[in-house]
Amino acid sequence: MRRSLVCVALVLLSAATARAGVEDTFGLGPRAMALGGSYAARPGDFAAAYYNPAGLAPGGARLDRGGFFELTAAYLYAAPRLHVTRSDGSEIETPGVPTTTGVLVGSRFSLGQPFDLDGLNLGLSVYVPEHLFRWSIRPDDDVQWALLTDRTQVVTANASVGLRLAPWLSVGAGLRVMFDVETLTRGRVTDVAYDPDTGKVRTHTVLGTDARVYGRVAPLAGLLFTPRDDLRVGLTYRHESYVDDWGDTRISDVPILRHMGYSHRFAHYFEPTQLAAAVSADLAPTLEVSADLTFSRWSRALSTNHNAQFSPVWGDTWTPAVGASWAAHPAVSLLGGYRFQKSPLGNYGGPSNLLDNDRHAVSLGLETELEGWLSPGFDAKVNLAIEHVLLVERSETKDYRRFESDAALEKNPGYPSYVYGGRLLAISLGMEAKF
């Protein structure tokens, strides 16, 4: 009976907690999404606060004088269609990947005007999902989508400053803000019933939770070179974003044991250190193209359980992205982009079942100047973007050499093999106004 009580209490103590990141999953705003995330050398709006802070204060022909204020608001919706199929053709049930619904607010404005200093600008962005904090923690051997489930379900913010040192050189630095959570759970067993026929123990427990949220920041820095009015070169450094979820749980009045509990610490968000190099060029008065290459140091990544159980294999990745914008009309521009994201995660037949795929992301967008349709002097734009992300189908076959025993192999939820893939469809609509 003592063993049964311990098992039941441990089940009662299990708590759902966390993970997060919209910038690299879909893009920071409809324009960045439409251009495939190729943005580190495309200066001039609030999204530079993340992609390249130096772009907040561009040089060359795009030189901005002080006294302006830009405000952007956008809506994001994304829905997944995923599958995991066993070798016999049956579907493996996985924890649901929720649709992404959120609101993005961004701003760029002059800081230097009070000091009669042009070229000192601030950029801000805040992404707020439908559910402010929506998290889940599962053992690494559960079949689950490792980098999809919660990454766009948590509040994120960026704040950066850009300074134009010369018409050909801008510098910038900023912070990316995420949120730690401390969770304290307290409970008391109010009733215990033991069934001698089945050996089962049923308990009733009153639980209470106290959660506290703490901000955690990661630095960003960038350079933007403008050797000619029609050519821009960007370099960006983003430090890794790592967010903890920690705390403890204590249950009192447990029969036989009296009191029991445990402390927990989970890695509910990890975004790797990134280095991005980018170039953009005006090939014609109405055509601008760009290309980015981003190195991501995923080899330092942690699963939600800190890789403590059934360790997966993480590897560094290179992500190319290209984008193009064409002014088809003085008031209308068409945008397009492509991005290939190599999966950083491998398991190679081991006990973990963390699912992730290589991704082909194709995007299209439309940008219209409202001044061209409405009254002169009304400086505002409406942006629409659609992105289709194809998850390249991948297979997993369990390798008996990576298991402690045949029994452990056959009990694994992914035994003997499975195939998985799918797609994501995202849409973003926004409006930008300049005052």
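The values are calculated or read from the model by the stated rules, or taken from the named source; none is laboratory data. Predicted, not measured: the structure shown is a model, and the values here were computed from it. Every residue, glycine among them, receives a Cβ derived from its backbone with ideal geometry; neighbour counts consider all protein chains shown.
Looking at Thr236, Thr190, which one is assigned to a strand (DSSP E or B), closer than 30 Å to Leu56 by Cα, of a type in the set (Val, Ile, Thr) and over 16 Å from the mean Cα position of the chain (by Cα)? On inspection, the qualifying residue turns out to be Thr236. A count restricted to the stretch 388-421 and to residues that are within 19 Å of Thr149 (Cβ to Cβ) and crowded, with 19+ Cβ neighbours inside 10 Å stands at 6. Of all residues in the stretch 392-417, those satisfying the criterion of being free of Cβ contacts under 8 Å to residues at least 40 places away in the same chain and under 28 Å from the mean Cα position of the chain (by Cα) are Val392, Glu393, Ser395.
When the residues of the stretch 234-256 are filtered to those that are among the small types (Gly, Ala, Ser) and at pLDDT 75 or above, which remaining residue is surrounded by the fewest Cβ atoms within 10 Å (Cβ to Cβ)? The selected residue is Ser252. Inspection of the stretch 257-265 finds a residue satisfying the criterion of being at pLDDT below 95 and among the hydrophobic types (A, V, I, L, M, F, W, C).
For the stretch 178-218, the tally of residues that are of a type in the set (Lys, Arg) and under 30 Å from Arg151 (Cα atoms) stands at 3.
Listed here are the residues, each with its yes/no results for (1) at pLDDT below 90; (2) surrounded by 23 or more Cβ atoms within 10 Å (Cβ to Cβ); (3) closer than 30 Å to Arg394 by Cα; (4) among the aromatic types (Phe, Trp, Tyr).
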{"site": "Gly27", "(1), (2), (3), (4)": "no, yes, yes, no"}
{"site": "Leu56", "(1), (2), (3), (4)": "no, yes, no, no"}
{"site": "Leu104", "(1), (2), (3), (4)": "no, yes, no, no"}
{"site": "Gly112", "(1), (2), (3), (4)": "yes, no, no, no"}
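Taken over the stretch 152-210, the criterion of being under 30 Å from Tyr77 (Cβ atoms) and either free of Cβ contacts under 8 Å to residues at least 12 places away in the same chain or of a type in the set (Gly, Ala, Ser) (or both) is satisfied by Ala157, Ala159, Ser160, Gly174.
Annotation note: of Glu91, Glu130, the sole residue that is within 30 Å of Tyr418 (Cβ to Cβ) and among the acidic types (Asp, Glu) is Glu91.
Taking the conditions (1) farther than 30 Å from Tyr418 by Cα; (2) surrounded by 15 or more Cβ atoms within 10 Å (Cβ to Cβ); (3) not aliphatic (A, V, I, L, M) in turn, Thr85 satisfies each one other than (1). For residues that are modelled with pLDDT under 95 and surrounded by 18 or more Cβ atoms within 10 Å (Cβ to Cβ), scanning just the stretch 165-191, find the one that is farthest from Tyr51 (Cα to Cα). Out of the qualifying residues, it is Val189. State whether one or more residues within the stretch 372-382 are of a type in the set (D, E, K, R), in a strand (DSSP E or B) and at pLDDT below 95. Within the stretch 372-382, one or more residues are of a type in the set (D, E, K, R), in a strand (DSSP E or B) and at pLDDT below 95. Six or more apart or on different chains, Cβ under 6 Å: which pairs go from a residue in the stretch 67-93 that's on the phi > 0 side of the Ramachandran plot to one that's in a strand (DSSP E or B)? Could you list them? Final answer for the pair search is Gly67/Ser110.
For Ala321, the requirement of being surrounded by 15 or more Cβ atoms within 10 Å (Cβ to Cβ), at pLDDT below 95 and in contact with a Phe, Trp or Tyr (Cβ under 8 Å, 6 or more places away or on another chain) is not met.
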